[in-house]
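The values are calculated or read from the model by the stated rules, or taken from the named source; none is laboratory data. Given the structure is predicted, the values throughout are model-derived calculations rather than measurements. Heavy atoms of the whole protein, side chains included, go into the accessibility calculation; ligands, DNA and RNA do not. Shrake-Rupley method; radii C 1.70, N 1.55, O 1.52, S 1.80 Å.
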Amino acid sequence: MVEARPVADERELQQMLDLQQRNLPRNLDEREQAENGFVTVEHTLDVLQRMHALVPSIVAKDGDELAGYALVMSVECRSFVPVLTPMFERLDAKPRLADRRYYVMGQICVAKAYRGQGVFDRLYAAHREYLHGKFDACVTEISVRNPRSMRAHARTGFEELERYRDATDEWVVVIWDWRA
């Protein structure tokens, strides 16, 4: 049985990094990216430790095996991953976020063996369960080249805030507003 809960220790952070590596675009062929999605940003153990110290991320575990993870990036994490600075600057300018306590879902990834088994939904349900008292909303951005992620986020309840293009891709910024 897969259980979703906050990260417990550094070993789980390392499991997250291992799963992340297997799902970066450079490690997947185009067909696999299109069918199963991918993750865009690469983290280090140091960054995950600092993020976890502020607000623990959520993991889905099947016994000792990592079934998936969903990174929590509070706004205080904005300097930890410089490539995400433009995203945080865009979010700062959103009137809809001005009066909300929000965090960025920094990345969600489900291990290949666990896809299609509700792990994605369990991860987000755990986000809401563990973080609803501290935050009003969860925000993330998704590459339009990742239709599987777009569909899954819409099913969860995320709504589109905006679309934009940068030097690398076209992105959709979405919000899951827990006050709505």
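Per residue, what accessible area does the chain have, given a 1.4 Å probe and all protein chains present, in Å²?
So the chain comes to 48 Å² accessible per residue, rounded to a whole number.
Pick from 11, 78, 50: which is most flexible by mean-square fluctuation in a GNM of the chain where alpha carbon atoms under 10 Å apart are linked?
Result for the chain, Cα springs under 10 Å: 11 fluctuates most.
May I ask you to list the aspartates and glutamates whose Cα is less than 20 Å away from that of residue 112, ignoring any residue fewer than eight positions away on the same chain?
3, 12, 18, 29, 30, 32, 35, 42, 62, 64, 65, 121
At 1.4 Å probe size, with the rest of the protein present, what percent of the exposed accessible area of the chain is carbon and sulfur atoms?
Roughly 50 percent, rounded to a whole number.
In whole Å, largest first, what are the principal axis extents of the Cα atoms in the range 21-71?
36, 25, 13
Which value, in Å to one decimal place, does the Kirkwood hydrodynamic radius take for the chain when every pair of different Cα atoms is included?
By the Kirkwood definition, the hydrodynamic radius is 16.4 Å.
Under a straight-distance cross-link criterion of Cα-Cα below 16 Å, which lysines are reachable from residue 94, leaving out those fewer than 8 residues away in the same chain?
none
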